[in-house]
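K.L.:
First the structure, then my questions, so here it is.
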Amino acid sequence: MNTLTRLHVACRLMCAVLPVATLTPNPVQAVELMKWERIPLQVTLKVGQERVVFVDKNVRVGIAPALKGKLRVQSTGGAVYLKANEAFSQTRVQLQDVENGEIIMLDVTAGAKGSAEPVKLVYEGGDSEAEANPEQAEAAKEEKKVSYSTPLPVLLTRYASQRLYAPLRTVEPVPGVRSLPLHLPSSVTTLYPAEPLEIQPIAAWAMQSQNVVAFRVRNMTSRKIVLDPRSLQGKFVSATFQHRFLGLVGTPEDTTMLYLVMDSRPENALIPEAKVSRKARGKHHAD
């Protein structure tokens, strides 16, 4: 058999094999859509098999103590992974959006039978419409304006206070609130220069054009200090102390929280910290 004949035979064999590989079906796993309408969603698990819930939000997961050792929960990148180690009856699992505090409730059951399909949560006016017509959904999103009956500084201050003092399950969800990264020094000395206070930024949130920053304020003296918002230095829309005074250093009352609402970014609303030159620091250490 000459070379040309061998190539022709090889080509015919390849052509006969290729269609078989092309027709081999690829396994495709269906996704179960569940619409969140503030009614607990029923999620069934098969013992020993992991099931994924696509939340598409950054969430904290809260489970009942009764599920300890029975349910393994992992959350990352907007997905929650649930795996039952043993059977259990219907039990509530809470998913809390870390940006706005909204709580999504799942009623989870595990047994010998259960679905392995991933679950994708659909929100009102959200995913299902966007997937069907992305351009129309985007236009609707741009046109939609969220209105509030309460002034934004009040909403932001109340939200920040609840996030830091109240149990997570009691935090009122506020549409449009999102976490804000802090680009501030670990200690701020220019904010309340009238008293020797230790002031540290803790967290920040934004809504529309305004931001709120929560600061921990601690008395560094052995005397009581009455806090006066008028002594604050910077550009703020509103300022609220959690408590009206600070007790002596070392007592439970020596610390409180301060909530500042501002129109600009936090690093632009505060008076910059004084920069200490290397030469001055070297002289200070030498002394």
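K.L.:
Among the numbered conditions (1) more than 23 Å from the chain's Cα centre (by Cα); (2) free of Cβ contacts under 8 Å to residues at least 40 places away in the same chain; (3) assigned to a strand (DSSP E or B), tell me where Arg230 comes up short.
P.N.:
Only one criterion is unmet by Arg230, namely (3).
K.L.:
Quick check on my filter: what residues within region 194-236 are open to solvent by 30 Å² or more (accessible area, probe 1.4 Å), β-branched (Val, Ile, Thr) and at pLDDT 95 or above?
P.N.:
Val226
To keep it simple, each residue is scored yes or no on (1) modelled with pLDDT of 90 or more; (2) within 20 Å of Glu117 (Cα to Cα).
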site	(1), (2)
Val28	no, yes
Leu45	yes, yes
Arg51	yes, yes
Phe54	yes, yes
Arg60	no, no
Leu82	yes, yes
Ala87	yes, yes
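K.L.:
Among the residues of region 65-104, write down those that are open to solvent by less than 30 Å² (accessible area, probe 1.4 Å), more than 11 Å from the chain's Cα centre (by Cα) and not hydroxyl-bearing (Ser, Thr, Tyr).
P.N.:
Answer for region 65-104, where residues must be open to solvent by less than 30 Å² (accessible area, probe 1.4 Å), more than 11 Å from the chain's Cα centre (by Cα) and not hydroxyl-bearing (Ser, Thr, Tyr): Leu67, Leu71, Ala79, Val80, Leu82, Ala84, Phe88, Val93, Ile104.
K.L.:
Go over the candidates Thr76, Thr44 one by one and state the one that is more than 18 Å from Pro173 (Cα to Cα) and without any contact (Cβ under 8 Å) to a residue 40 or more places away in the chain.
P.N.:
From the options Thr76, Thr44, the qualifying one is Thr76.
K.L.:
Quick check, is Arg60 under 17 Å from the mean Cα position of the chain (by Cα), surrounded by fewer than 15 Cβ atoms within 10 Å (Cβ to Cβ) and assigned to a strand (DSSP E or B)?
P.N.:
In short, yes.
K.L.:
Check Asp107 against each of (1) open to solvent by less than 40 Å² (accessible area, probe 1.4 Å); (2) part of a loop (DSSP other than H, G, I, E, B); (3) modelled with pLDDT of 90 or more and name the one condition it does not meet.
P.N.:
Asp107 satisfies all of (1) open to solvent by less than 40 Å² (accessible area, probe 1.4 Å); (2) part of a loop (DSSP other than H, G, I, E, B); (3) modelled with pLDDT of 90 or more except (2).
K.L.:
Separate question: Taking the options Leu182, Leu164, name whichever one is in a loop (DSSP other than H, G, I, E, B) and aliphatic (A, V, I, L, M).
P.N.:
Only one candidate passes the filter, namely Leu182.
K.L.:
Please verify whether region 41-51 includes one or more residues that are open to solvent by less than 70 Å² (accessible area, probe 1.4 Å), in contact with a Gly (Cβ under 7 Å, 6 or more places away or on another chain), at negative phi and not in a loop (DSSP other than H, G, I, E, B).
P.N.:
Yes, there is a match, as at least one residue in region 41-51 is open to solvent by less than 70 Å² (accessible area, probe 1.4 Å), in contact with a Gly (Cβ under 7 Å, 6 or more places away or on another chain), at negative phi and not in a loop (DSSP other than H, G, I, E, B).
K.L.:
Looking at Ser179, Ser187, which one is exposed (fewer than 15 other Cβ atoms within 10 Å of the Cβ) and at pLDDT 90 or above?
P.N.:
Ser187
The values are calculated or read from the model by the stated rules, or taken from the named source; none is laboratory data. Just so we're clear, the structure is a prediction, and the values are computed from it rather than from any experiment. Don't worry about glycine lacking a Cβ; one is built from the backbone with ideal geometry, like all the others, and counts go over all protein chains shown. Accessible surface areas use protein heavy atoms only, side chains included; no ligands, DNA or RNA. Shrake-Rupley method; radii C 1.70, N 1.55, O 1.52, S 1.80 Å.
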